[in-house]
Each structure stands twice: as structure tokens, then as C-alpha cells.
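> Have a look at the structure that comes next, please.
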Amino acid sequence: MVETVVEFLREYVSAELVVFIISLLPILELRGGLIAAAIVGIEWYVALPICIIGNMLPIPFVLLFIRKIFEWLKKIKFMKKIVEKLDERAKKKSESINKFILWGLFTFVAIPLPGTGAWTGALVADILDVRFKKAFPIIFVGVVTAGLIVSLVSYGIPWIVSLFA
């Protein structure tokens, strides 16, 4: 998926902007941006800040407006099922972190697994009524942690393997 987006965007914008745009997108987020950066040949220490900024840019808006947006979208016939499915998915994810909300939110965002990340973390924070001033810094630290983990996997492991090849 990342490769397809990279190939499409590369024709129109710089490699750095490709990485930034991918990092903005839900589903792909920072993880996809770092993979894209490795594909286009951007060094990890240049890519990581671009990806963090790209991933975090929409999060304040998600935290502040997602409930209102969901309520509005539920009024649109073809969007109702999609929104309800997203809402249900976030509620299921929130059950696993409800006990230790802030640590759970951090872990949820920081561990780079499918279905986790800043966007879903912001949805979960909203469902759990975690206020913006607590949720945003936790999500930010989680994104930075995920970025370091994915950077190690995307850049470090191939480099280590090349030493022994």
C-alpha cells in the first residue's frame, strides 16, 4: 500500500513531501511515512521529524472535533455504517486500555501494530473522555516511541544485516 502511494505521489512532489503526506493519512500514519522514507532513500534522522509532524498535525482536530464529525456523518445514509464501524472498533480497542488509561493510551499508540496509532488513539481518548491536555502529550510521546521502533526496523535491521552479508 505504501509503495503504491509513494509511486503515485513521487511524480508530483518531492520525496520529503511524499513522506509528510503519507504520515498525515489515517491507517498509514508515521509507520507508513517511515517505510516510505526508506523506500525513497531519505535518512532516518531526516525522516523521523517529518513523520512525527505529519502524524501529529491532524491529532488536535481529531481530539477536538471527532464526536461532532461522527454525529454529523451518521446523518448521511451511506456514511452511517462506516462511522458506526469505526466507533465500534475504537470502543473495542478502548476496553483493553480502560484500566490504566494514560499508560494504556501511550502503549496503544507506541506499539506499531495494525489498527493502532495516533488517529485511533485519539478516537479511543475521546471515547474514554480523556481531556485534550492529557491526551495530546501522551499521544505525542507514543508517536515518537513508535517512530523510534519503526526507524530501527526500517533502517537499523537492514543495516545490521548488510554488515554480515
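> Is it the case that the stretch 42-60 has a residue that's at pLDDT below 95, under 21 Å from Val153 (Cβ atoms) and charged (D, E, K, R)?
Scanning the stretch 42-60, I find at least one residue that is at pLDDT below 95, under 21 Å from Val153 (Cβ atoms) and charged (D, E, K, R), so the answer is yes.
> Return yes or no: is Leu152 out of contact with any helix residue (DSSP H, G or I) (no Cβ under 7 Å at 6 or more places or on another chain), within 17 Å of Pro49 (Cα to Cα) and modelled with pLDDT of 90 or more?
Taking the combined requirement at face value, the residue does not satisfy it.
> Any idea which of Ala135, Ala125 is buried (at least 23 other Cβ atoms within 10 Å of the Cβ), modelled with pLDDT of 95 or more, in a helix (DSSP H, G or I) and not assigned by TED's automatic domain parsing to the domain that holds Leu34?
Ala135
> Here is a further query. Which residues, counting only those in the stretch 24-45, are surrounded by fewer than 21 Cβ atoms within 10 Å (Cβ to Cβ) and on the phi > 0 side of the Ramachandran plot?
Across the stretch 24-45, the qualifying residues are Ile27, Gly41.
> Considering only the stretch 46-96, how many residues are outside any helix (DSSP H, G or I), among the charged types (D, E, K, R) and surrounded by 14 or more Cβ atoms within 10 Å (Cβ to Cβ)?
Of the residues in that region, 1 qualify.
> Somewhere in the stretch 6-22, is a residue surrounded by fewer than 14 Cβ atoms within 10 Å (Cβ to Cβ), of a type in the set (Phe, Trp, Tyr), modelled with pLDDT of 90 or more and in a helix (DSSP H, G or I)?
No, the conditions are met nowhere in the stretch 6-22.
> Sort out which residues of the stretch 27-45 are in a loop (DSSP other than H, G, I, E, B) and under 13 Å from Glu16 (Cβ atoms), and write them in order of number.
Gly41, Ile42, Glu43
> With (1) farther than 22 Å from Ile111 by Cα; (2) outside the structural domain of Ala110 (by TED's automatic domain parsing); (3) more than 18 Å from the chain's Cα centre (by Cα) as the list, and Val18 as the residue in question, which single condition is left unmet?
(3)
The values are calculated or read from the model by the stated rules, or taken from the named source; none is laboratory data. Note that the structure is predicted; figures quoted are calculated from it, not measured. For neighbour counting, all protein chains shown are included, and Cβ atoms are generated from backbone atoms with ideal geometry for every residue, glycine included.
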